[in-house]
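> Below are the structure tokens for one structure; questions will follow.
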Amino acid sequence: MNADEIAAGRARWQARYDAARKRDADFTTLSGMTVDPVYGPPEGTAYPGFERIGWPGEFPYTRGLHPTGYRGRTWTIRQFAGFGNARQTNERYKMILGAGGGGLSVAFDMPTLMGRDSDDPQSLGEVGHCGVAVDSAADMEVLFDGIDLAGVTTSMTISGPAVPVFCMYLVAAERQGADLSTLDGTLQTDIFKEYIAQKEWLFDPEPHLRLIGDLMEYCAHQIPRYKPLSVSGYHIREAGSTAAQELAYTLADGFGYVELGLSRGLDVNVFAPGLSFFFDSHVDFFEEIAKFRAARRIWARWLRDVYGATSEKALWLRFHTQTAGVSLTAQQPVNNVVRTAVEALAAVLGGTNSLHTNALDETLALPTDESAEIALRTQQVLMEEIGVTNVADPLGGSWYVEALTDRIEAEAEEIFARIRQLGGDGPHRIGPMTSGILRGIEDGWFTGQIAESAFAYQQALEKGEKRIVGVNCHTGTVAKDLEILRISHEVELEQRRVLTERKAARDDAAVKAAVERMVAASRTGENMIPAMLDAVRAEATLGEICDALRAEWGVYREPARF
């Protein structure tokens, strides 16, 4: 790019920056030195390839979505929490919000993630242990008691039974008196990554895509600010993928959901802004920063050039980040505070829109109040003390960071081409990327690629080529054992007791009729969300809704592979 083009870009950025709202804050260094809101090539110089880096707030958004960076708005501190019953988790949410958290993120227990009630025989011993138990809309009401759902953004990390759980969330907001059309938040709903990595599915892919398509339509028309899909790379990375694989598989899944929306006749400029992303921030500092920058650039280019998006917001890749749970160690767990801080800083320098920081004790148990507070304070120190919010994309133009960004992007593009090849050259019912993803799931291609990457990393650890402090080097310590949070068996007994009482108090005939209407809707082209909402309003449980659909659609069994 020549000097005149760079100067014109800077002028465009300046005009947009001047017109944008900025926070009332001190944007100087600790010593009082004034810093510019953005930095670029020296005036009057050319910079080959600068169009791939650009200015914040301009296509291809390598340097961020907004011209102000964090001077306009800092990232949302969105701490992930859930344990025991809804009342206990409600208390943790109030602690997080009271301590300065800006949004909530719900962790559900395993029975809920698998669409089963707390009194299901398969739930025995699992209720409330890795998240909160939610059996019905009544639990959702308790979960958010005293928290204005119209005034707080809420993320829910659930995919298989995401749609009925979302209906419970809507009914809880309805019972608070909220205007549902104004709700803002994010539902994960990403079923592709379940088949690829996490394994928490209910049905075959096709019925899941039917539900997701219905949800996308419903939100686009009824709840325009709500994001019905958070395409998740986090679990792909935690399963052992490389950074480039995480990026490529995640964005490919995102392209699949774009194709799903287009196949439903939706306008990409309307539904694409409702797609968000969820990435892992691992411990290799610069690689993670490059990954986030490449993600924005790839998404913007594909949405514009492949899928025909024309509105700016449709080109924006918005993403939440969680620090890498897999990087935490049970040995010398206090070291995890350092790892988490480094990973959080990488997410921030990469331009994350919201962030969760893991607690130091999460390899051993759910976080205690104290460790949860340390995790929260880690973000607040980054936000308030170190000056990282003063300059948009401060590493932009770094030879190393730009080279890494280009390399990760190139690797991702190679993987996209391979996925599309898997789908073949014939007609595609939804789209070529979706066909490739479904074939890759069926053939075990994704799981095989991730397994190879995980194996290679484990070999490097065992040979000492990769080092983890406290695990394969610097293993001596004077640290004492941590006090950890333990979930009492009484939680499960109480949850089952309350569920029995709620079932006895409701109108069973109304529940049965509402669930039957929902199943009838599933046999037609009718959008299932209104019928599912009616079932939830009648206090149908999550297990009853999912069991009715399991009876209709069957249960997915992953093929055995060796």
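> Under 9 Å between Cβ atoms, at least 6 apart or on separate chains: pull out the pairs that start in the range 289-307 with a residue that is under 15 Å from Ile415 (Cα atoms) and end on any residue that is assigned to a helix (DSSP H, G or I) and of a type in the set (Lys, Arg).
Ala294/Arg407
> So which residues in the range 224-238 are surrounded by fewer than 22 Cβ atoms within 10 Å (Cβ to Cβ) and either part of a helix (DSSP H, G or I) or modelled with pLDDT of 95 or more (or both), if there are any at all?
If the condition is that a residue be surrounded by fewer than 22 Cβ atoms within 10 Å (Cβ to Cβ) and either part of a helix (DSSP H, G or I) or modelled with pLDDT of 95 or more (or both), then Glu238 is the only one that fits.
> Does the range 286-309 contain any residue that is open to solvent by 10 Å² or more (accessible area, probe 1.4 Å), modelled with pLDDT of 95 or more and within 30 Å of Glu526 (Cβ to Cβ)?
We begin by selecting, within the range 286-309, every residue open to solvent by 10 Å² or more (accessible area, probe 1.4 Å); these are 286-287, 301-302, 304-308.
Right, trim to modelled with pLDDT of 95 or more and you get 286-287, 301-302, 304-308.
Cutting the leftovers down to within 30 Å of Glu526 (Cβ to Cβ) gives us 307-308.
Yes; the residues of the range 286-309 include at least one that is open to solvent by 10 Å² or more (accessible area, probe 1.4 Å), modelled with pLDDT of 95 or more and within 30 Å of Glu526 (Cβ to Cβ).
> Criterion first (open to solvent by 50 Å² or more (accessible area, probe 1.4 Å), in a loop (DSSP other than H, G, I, E, B), of a type in the set (A, V, I, L, M, F, W, C) and touching a residue at least 60 places away in the same chain (Cβ under 8 Å)) does Phe80 satisfy it?
Details: open to solvent by 50 Å² or more (accessible area, probe 1.4 Å): yes; in a loop (DSSP other than H, G, I, E, B): no; of a type in the set (A, V, I, L, M, F, W, C): yes; touching a residue at least 60 places away in the same chain (Cβ under 8 Å): yes.
Criteria not met by Phe80.
> Would you mind telling me which numbered condition in (1) more than 25 Å from Trp201 (Cβ to Cβ); (2) modelled with pLDDT of 90 or more; (3) part of a loop (DSSP other than H, G, I, E, B) Gly115 fails?
Condition not satisfied by Gly115: (1).
> Still on this model: Please determine whether any residue of the range 460-471 is open to solvent by 80 Å² or more (accessible area, probe 1.4 Å) and touching a residue at least 12 places away in the same chain (Cβ under 8 Å).
no
> Still on this model: Kindly evaluate Met110 against the criterion of being aliphatic (A, V, I, L, M), closer than 21 Å to Cys546 by Cβ and open to solvent by 10 Å² or more (accessible area, probe 1.4 Å). Explain how you work it out, then say what you get.
Working: aliphatic (A, V, I, L, M): yes; closer than 21 Å to Cys546 by Cβ: yes; open to solvent by 10 Å² or more (accessible area, probe 1.4 Å): yes.
For Met110, the condition - aliphatic (A, V, I, L, M), closer than 21 Å to Cys546 by Cβ and open to solvent by 10 Å² or more (accessible area, probe 1.4 Å) - is met.
> Inspect the range 153-176 for any residue being at pLDDT below 90 and open to solvent by 40 Å² or more (accessible area, probe 1.4 Å) and give the result as yes or no.
no
> Still on this structure: From the list Gly325, Gly351, which one is under 20 Å from Arg73 (Cα atoms) and either open to solvent by 10 Å² or more (accessible area, probe 1.4 Å) or aromatic (Phe, Trp, Tyr) (or both)? Full working, then the answer.
Values: Gly325 fails: under 20 Å from Arg73 (Cα atoms).
Answer to the selection: Gly351.
> Something else now. Counting just the residues of the range 480-501 that are open to solvent by less than 70 Å² (accessible area, probe 1.4 Å) and in a helix (DSSP H, G or I), which one comes out nearest to Arg550 (Cα to Cα)?
Initial filter on the range 480-501 (open to solvent by less than 70 Å² (accessible area, probe 1.4 Å)): 482, 484-485, 487-488, 491-492, 495, 498-499.
Pick out the ones that are also in a helix (DSSP H, G or I) and you get 491-492, 495, 498-499.
Working: Val491: 28, Glu492: 25, Gln495: 24, Val498: 25, Leu499: 21 Å.
The qualifying residue nearest to Arg550 (Cα to Cα) is Leu499.
> Could you check how many residues of the range 153-172 are assigned to a helix (DSSP H, G or I) and either within 22 Å of the chain's Cα centre (by Cα) or of a type in the set (Ser, Thr, Tyr) (or both)?
Initial filter on the range 153-172 (assigned to a helix (DSSP H, G or I)): 162-172.
Imposing the further condition that a residue be either within 22 Å of the chain's Cα centre (by Cα) or of a type in the set (Ser, Thr, Tyr) (or both) reduces the set to 162-170.
Residues flagged as assigned to a helix (DSSP H, G or I) and either within 22 Å of the chain's Cα centre (by Cα) or of a type in the set (Ser, Thr, Tyr) (or both) within the range 153-172 amount to 9.
> A further question follows. Going through Thr329, Thr340, Thr363 one at a time, which residue ends up being in a loop (DSSP other than H, G, I, E, B), without any contact (Cβ under 8 Å) to a residue 60 or more places away in the chain and over 23 Å from Gly185 (Cα atoms)? Reasoning before the result, please.
Numbers: Thr329 fails: without any contact (Cβ under 8 Å) to a residue 60 or more places away in the chain; Thr340 fails: in a loop (DSSP other than H, G, I, E, B).
After ruling out the rest, the residue left standing is Thr363.
> Quick one: Gly396 ticks every box in (1) part of a helix (DSSP H, G or I); (2) open to solvent by less than 30 Å² (accessible area, probe 1.4 Å); (3) of a type outside the set (S, T, N, Q) except a single one, so which number is it?
It is condition (1) that Gly396 fails.
> Ok, one more. For the range 415-427, state whether one or more residues are open to solvent by 40 Å² or more (accessible area, probe 1.4 Å) and within 24 Å of Ala341 (Cα to Cα).
Looking through the range 415-427, none of the residues is open to solvent by 40 Å² or more (accessible area, probe 1.4 Å) and within 24 Å of Ala341 (Cα to Cα).
> Something else now. Mind checking whether some residue in the range 535-553 is among the aliphatic types (A, V, I, L, M) and open to solvent by 30 Å² or more (accessible area, probe 1.4 Å)? Walk me through how you get there before you give the answer.
So the first thing to find is which residues in the range 535-553 are among the aliphatic types (A, V, I, L, M), and the list is 535-536, 538, 540, 542, 545, 548-549, 551.
So of that shortlist, the ones also open to solvent by 30 Å² or more (accessible area, probe 1.4 Å) come out as 551.
Yes, because at least one residue in the range 535-553 is among the aliphatic types (A, V, I, L, M) and open to solvent by 30 Å² or more (accessible area, probe 1.4 Å).
Residue by residue, here is whether (1) under 24 Å from Ile53 (Cβ atoms); (2) of a type in the set (Ser, Thr, Tyr); (3) in contact with a Pro (Cβ under 7 Å, 6 or more places away or on another chain) holds:
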residue: Val283; (1), (2), (3): no, no, no
residue: Ala295; (1), (2), (3): yes, no, no
residue: Trp302; (1), (2), (3): yes, no, no
residue: Val326; (1), (2), (3): no, no, no
residue: Pro333; (1), (2), (3): no, no, no
residue: Arg339; (1), (2), (3): no, no, no
residue: Thr368; (1), (2), (3): no, yes, no
residue: Arg377; (1), (2), (3): no, no, no
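> State which residue is surrounded by the most Cβ atoms within 10 Å (Cβ to Cβ) when the search covers only the range 378-393 and only residues that are assigned to a helix (DSSP H, G or I) and not charged (D, E, K, R). So that I can check it myself, show each step before the final result.
Quick first cut of the range 378-393, residues assigned to a helix (DSSP H, G or I) only: 378-384.
Next, from what is left, pick out any that are not charged (D, E, K, R): 378-383.
On the way: Thr378: 24, Gln379: 28, Gln380: 14, Val381: 12, Leu382: 23, Met383: 18.
Looking at residues that are assigned to a helix (DSSP H, G or I) and not charged (D, E, K, R), I get Gln379.
> Out of everything in the range 25-35 that is open to solvent by less than 80 Å² (accessible area, probe 1.4 Å) and in a loop (DSSP other than H, G, I, E, B), what residue ends up being nearest to Gly9 (Cα to Cα)?
Once the filter is applied, the top-ranked residue is Val35.
> Got a number for residues in the range 173-205 being out of contact with any Leu (no Cβ under 6 Å at 6 or more places or on another chain), farther than 24 Å from Gly448 by Cβ and part of a loop (DSSP other than H, G, I, E, B)?
Going through the range 173-205 one residue at a time, the tally reaches 5.
> Here is a further query. Residue under question is Arg16, and the condition is that it be open to solvent by 80 Å² or more (accessible area, probe 1.4 Å) and closer than 25 Å to Gly350 by Cβ; does it hold? Walk me through how you get there before you give the answer.
Details: open to solvent by 80 Å² or more (accessible area, probe 1.4 Å): yes; closer than 25 Å to Gly350 by Cβ: yes.
Against the criterion (open to solvent by 80 Å² or more (accessible area, probe 1.4 Å) and closer than 25 Å to Gly350 by Cβ), Arg16 qualifies.
> How many of the residues in the range 119-152 are open to solvent by 70 Å² or more (accessible area, probe 1.4 Å), charged (D, E, K, R) and within 15 Å of Ala107 (Cα to Cα)?
1
> A further question follows. Looking at (1) out of contact with any helix residue (DSSP H, G or I) (no Cβ under 9 Å at 6 or more places or on another chain); (2) within 26 Å of Arg293 (Cα to Cα); (3) hydroxyl-bearing (Ser, Thr, Tyr), which is the one condition that is false for Tyr17?
Here Tyr17 clears every test but (1).
The values are calculated or read from the model by the stated rules, or taken from the named source; none is laboratory data. Because the structure is a prediction, the values reported are computed rather than measured. Ideal geometry is used to build each Cβ from the backbone, glycine not excepted, and the neighbour counts take in all protein chains shown. Just so you know, the surface numbers come from the protein's heavy atoms only, side chains and all, with ligands and any DNA or RNA stripped out. Shrake-Rupley method; radii C 1.70, N 1.55, O 1.52, S 1.80 Å.
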